Amino acid sequence: MDTAEFRKRGREMVDYIADYLDNIEKRQVYPDVEPGYLRSLIPDEAPDEPETYEELAKDIERVIMPGVTHWNSPYFYAYFPAGNSYPSLLADMLSGAISCVGFSWAASPACTELETLMMDWLGKMLKLPEDFLAGTGGKGGGVIQGTASESSLVALLAARSRMVKQIKKDHPDWTELEILSKLVAYASDQAHSSVEKAGLIGGVNMKQVPSDSKFAVRGEALRKVIEEDKAAGLIPFFYCATLGTTPSCAFDCITEIGPICNAEGMWMHIDAAYAGSAFICPEFRPLLNGVEFADSFNFNPHKWLLVNFDCSALWVKKRADIIGAFKMDPLYLKHEHQDSGLVTDYRHWQIPLGRRFRSLKMWFVFRLYGLRGLQQHIRKQVALAKEFESLVQADERFEICAEVVLGLVCFRIKGSNELNETLLKKINSSRKIHLVPCQLADRFVLRMAVCGRSTESKHIREAWTHIVQLASVLLQQNHH
Ligand code: PLP
């Protein structure tokens with residue numbers, strides 16, 4: 001493909017994307033295909049000779065679209081949202097074109113510097129404590145990771161390294177292996193599975209702390225397990241708090257947990273993967289109170305802040321903690337400014353070496369929406385969730401299962417788990433809308449997350465009417 005053809009095909013692709021997003025609600029939200037569907041649709045091997053673009057373009061609708069789950073459809077209510085917006089898509093194109101690998105300042109100064117500044121912009125939108133910002137000479141700062149899972153892992157590894165160093169000072173005769181075997185990390189029994197995975201990869205004991213009737217961990221619950229573990233000779237070193245749990249969007253009580261972690265010399269990481277975006281609105285910012293006790297804080301702009309995947313924002317109070325855990329400095333990566341104190345080399349802040357120019361997506365989205373536009377997006381989706389909650393509440397056959405704070409509604413038919421499982425199967429097999437379930441205190445619960453950027457009140461009402469129709473048939477059958 002030469003430049004002239006790229007210009008032509010690029011314009012066609014932009015039109016295709018605009019049409020796709022404009023008409024997304026006409027597509028079935030969840031595909032009908034069976035596992036392995038794609039194998040029979042394309043050859044077993046790459047072509048020997050180049051094909052034409054026309055041949056390829058035809059196959060987008062023939063091969064790809066039949067197997068796509070349309071996350072941006074207004075009929076998609078599963079998981080949590082996947083960010084998407086035109087400014088972000090344009091920035092992603094530019095990032096692809098520059099295709100730098102910005103592991104150090106020298107590897108592409110704009111890639112590093114824009115990232116530091118965008119993380120400060122975003123930190124200011126959230127009113128994060130000053131300690132987390134890079135500013136011009138701060139000790140903290142932000143970094144873009146790929147996912148919340150990586151952020152939790154990076155935080156856990158930094159905490160592990162910090163605690164091992166500390167214990168070695170106090171007990172020079174203990175081996176690293178001995179210390180590691182005594183370390184214990186904690187998270188809520190409602191925490192995302194990626195937190196347990198971080199413990200597994202980090203090779204440390206990760207324990208679940210029981211949440212209360214609102215699915216939140218309180219200070220007392222953490223204090224109890226810490227006391228028991230210390231009495232047994234273990235060394236508590238890490239608590240991963242969740243703000244906006246995956247099953248029900250519950251909030252750990254970090255104003256209670258934070259001071260305990262600080263007093264114990266434990267690292268508190270906050271995983272606010274979904275909910276974090278809402279903290280840009282003053283009315284939701286109180287949910288982040290207690291962040292001042294944290295060592296690190298993370299959320300995914302790629303979930304709810306109109307930035308497309310991937311872009312997971314991680315801030316640390318002390319960059320030295322993270323860099324201390326990961327620093328590797330072979331000759332081929334050294335550069336003339338690295339020890340000047342003026343530059344950030346993000347390769348020391350993450351697991352991989354290579355990194356994309358992801359901050360362009362933030363820059364485009366923040367400038368073209370403005371804080372006000374982003375707040376409007378969050379508020380609109382919370383209002384839609386509240387509207388859905390009212391519809392559920394108005395039907396006495398149903399119940400709300402957790403407080404609706406942001407854009408997630410957990411609900412069920414008053415009845416058995418089996419009845420609710422059947423309802424969810426009927427909803428998903430009818431293909432009109434797409435939902436996933438969760439388990440809350442042994443109950444099977446349906447999760448309705450407002451996701452699509454184009455979701456409107458009429459879609460919410462349509463979805464509810466559809467659910468009620470299916471439920472009515474089911475309840476009648478059950479009755480007979
Ligand atoms: N943490 C929480 C609270 C989540 O809800 C999710 C995903 O929904 C994750 C972590 C995992 O996110 P990621 O895919 O960015 O690792």
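Bear in mind that the values in this text are calculations on the coordinates, not laboratory data. Because the structure is a prediction, the values reported are computed rather than measured. Reconstructed Cβ throughout: ideal geometry from the backbone, glycine too, with neighbour counts over all protein chains shown.
Listed highest first by mean packing, meaning other Cβ atoms within 10 Å per residue, what order do 420-432, 274-286 come in?
On the way: 420-432: 16.3, 274-286: 20.8.
In decreasing order of mean packing, 420-432, 274-286 become 274-286, 420-432.
What's the ranking of 92-100, 244-252, 36-44 by average number of surrounding C-beta atoms within 10 Å, highest first? Write down the numbers at each step before the final one.
Numbers: 92-100: 13.7, 244-252: 25.2, 36-44: 9.0.
By packing density, highest mean first, the sequence is 244-252, 92-100, 36-44.
Just checking the chain: which Cys have no other cysteine's beta-carbon under 4.7 Å?
100, 111, 240, 249, 253, 261, 281, 311, 438, 451
Hey, which lysines would be in cross-link range of residue 127, C-alpha to C-alpha under 18 Å, not counting anything within fewer than 8 residues on its own chain?
List returned: 139, 317, 318.
Work out how far the C-alpha atoms of the chain reach from end to end along every principal axis, then list the three figures in whole Å, largest first.
Sorted from largest, the Cα extents of the chain read 70, 65, 46 Å.
Show the residues, 5+ positions off or on another chain, whose built amide H is closer than 5 Å to the amide H of residue 209.
187, 188, 189
Please grab the % of Cα pairs in region 237-353 that end up more than 20 Å from each other.
When all Cα pairs of region 237-353 are counted, 51 percent exceed 20 Å.
From the Cα gyration tensor of region 271-311, with a ≥ b ≥ c the square roots of its eigenvalues, which class applies: rounded if a/c is under 1.5, or else prolate if a/b is larger than b/c, or else oblate? List each step's numbers first, then the result.
Numbers: a/c = 3.34, a/b = 1.43, b/c = 2.33.
Because a/c hits 1.5 or more and a/b fails to exceed b/c, region 271-311 counts as oblate.
Please sort 384-394, 258-268 by packing, taking for each peptide the average over its residues of neighbouring beta carbons within 10 angstrom, highest first. Show your work: numbers first, answer last.
Numbers: 384-394: 17.5, 258-268: 19.3.
Ranked by mean Cβ neighbours within 10 Å, highest first: 258-268, 384-394.
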